[in-house]
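Please read the structure below before turning to the comments.
Values quoted throughout were computed directly from the atomic coordinates according to the rules given, and no laboratory measurement underlies them. Note that the coordinates shown come from a computational prediction; the quantities given were computed from them, not determined experimentally.
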Amino acid sequence: MVEKLRIAVAMSPAQRRAHTARLAALLDTPPPAAWARAVIAAIEGV
């Protein structure tokens, strides 16, 4: 974890923006509600 924090602190502003954009895209697809429904359905199917 320390290494990941060191990398994050050392990123340039442009790298930070690109990284944040990629993470935001991951959070948007699928929407959290759809993800939760899929997890619940999977649990119910077990």
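Observations on the structure shown:
- Computed from Cα positions, the angle between helix 32-45 and the longest principal axis of the chain comes to roughly 50 degrees.
- Length available on full extension from Ile43 to Ala18: 0.36 nm per residue minus the Cα-Cα distance, which gives 5.5 nm.
- Both radii come from the Cα set of the chain: Rg as radius of gyration, Rh as Kirkwood radius; their ratio Rg/Rh reads 1.24.
- Degrees separating the helix 13-28 axis from the principal Cα axis of the chain, which is the longest one: 0 degrees
- Taking every DSSP helix (H) stretch of at least 4 residues in the chain, weighting each as -39,500 (n - 2.57) and dividing the sum by the residue count yields a mean residue ellipticity at 222 nm of -27000 deg cm²/dmol.
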